[in-house]
Amino acid sequence: MQKLVYHDVKAAFDLTAQLIIRCIAKVTDAYKLDKKVKREFQPLGSIAFDSRILTWKLDKNEVSIWTVDGRIKNLPFVCHDRAKELLDGDRGESDLCLIDGEFYLFTSCEVNEPTSKDVDDFLGVDLGIKNIASDSDGNQYAGNKVNSLRKRHLKLRAKLQSKGTKSAKRLLKKRSRKEKRFAKDVNHQIAKQIVERAKDTNRGIALEDLTGIRERVTVKKAQRSQHSAWSFHDLRSKIGYKAQLQGVPFILVDPRNTSKACNSCGCIDSRNRPDQSTFRCVSCGHSANADTNAALNIRVRGRAAVNRPYVSTTAISARQGQAHVL
């Protein structure tokens, strides 16, 4: 595309050569997913800057950035200390975005990744809605605060949408990202605790692969909003990259029947779950917290994925399933 349109764009617009190349790259990137749908770009949409059109001056907390009205050489920026440390290393492109009237620079930074450790055991982690996560050590990371906040926001949205006034719409826009930010913060805290526990005990992390679960599972009407707001993918990605930064092995295992299988004898039966929090095996009588039992099954599958051949006299059915190593 650059060969086809570069000179036409150069003649039509007063842009520097490098910015034209970045604009062409933005268009081509937008069509990588689907070439059949015509893309439309917002006038104030984000644009990627490379080192030729954006320069960081970390000693002064300033950037030199190209604009359509010329280069701004001493534009101040603010960031927290950890971000400053990352910016001091190798950097990639920076995306300039306008969010709620404020400009943000999102920059990719390169960090040194430690080599993954050799482990003999895994910390199994079961994901859920009532308990955001439960591990095979019996620890539960409750989602009461997130769920209660979502219920309050759901009622408030319904109230404001039915009102329909300008002030109501302004309040809706103001609070639109509050719930999402809160859920992400909780996921960060949970992911950090799980990775630290695995690292301190020299174990890897085995997590169930829930890709496509919303299409596979149906829930009651009263639970639809809670199910659709379930941020399991966000938590999974946070555990994944935090584990990678700490050198902790991280794998995804098949979640099939992990909640129905008995970790003691391997019996798979829907009657093993009389309610959400209780697991009681109809075959051997083993009783445990349902989420902890599922996490133990995930742990077995994680061990089976890296220690083949794996033979066990218990949990025969529970260990079956594929695993994907990240």
Legend entry - Unique match (being in a loop (DSSP other than H, G, I, E, B), in the same structural domain as SER277 (by TED's automatic domain parsing) and among the hydrophobic types (A, V, I, L, M, F, W, C)) among ILE194, ILE129, ILE190: ILE129
Inset, instruction - State yes or no: is CYS79 in contact with a Lys or Arg (Cβ under 6 Å, 6 or more places away or on another chain) and either basic (Lys, Arg) or surrounded by 10 or more Cβ atoms within 10 Å (Cβ to Cβ) (or both)? - result: no
Inset, instruction - Scan the range 103-119 for residues that are exposed (fewer than 10 other Cβ atoms within 10 Å of the Cβ) and over 21 Å from LEU58 (Cβ atoms) and report the count. - result: 2
Legend entry - Qualifying residue in the range 50-68 (condition: at pLDDT 90 or above, on the phi > 0 side of the Ramachandran plot and in a loop (DSSP other than H, G, I, E, B)): yes
Legend entry - Matching option when the condition is assigned to a helix (DSSP H, G or I) and at pLDDT 85 or above, among VAL248, VAL282, VAL300: VAL300
Inset, instruction - Could you grab me the full set of residues in the range 120-152 that are surrounded by fewer than 17 Cβ atoms within 10 Å (Cβ to Cβ) and touching an Asp or Glu at 6+ places or on another chain (Cβ under 8 Å)? - result: LEU149
Legend entry - Criterion violated by SER287 - all others in (1) within 19 Å of ASN139 (Cα to Cα); (2) among the small types (Gly, Ala, Ser); (3) within 27 Å of the chain's Cα centre (by Cα) satisfied: (3)
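The values are calculated or read from the model by the stated rules, or taken from the named source; none is laboratory data. All of these numbers come straight from a predicted model, not from anything done at the bench. Because the Cβ atoms are built from the backbone with ideal geometry, glycine has one as well, and the counts that use them run over all protein chains shown.
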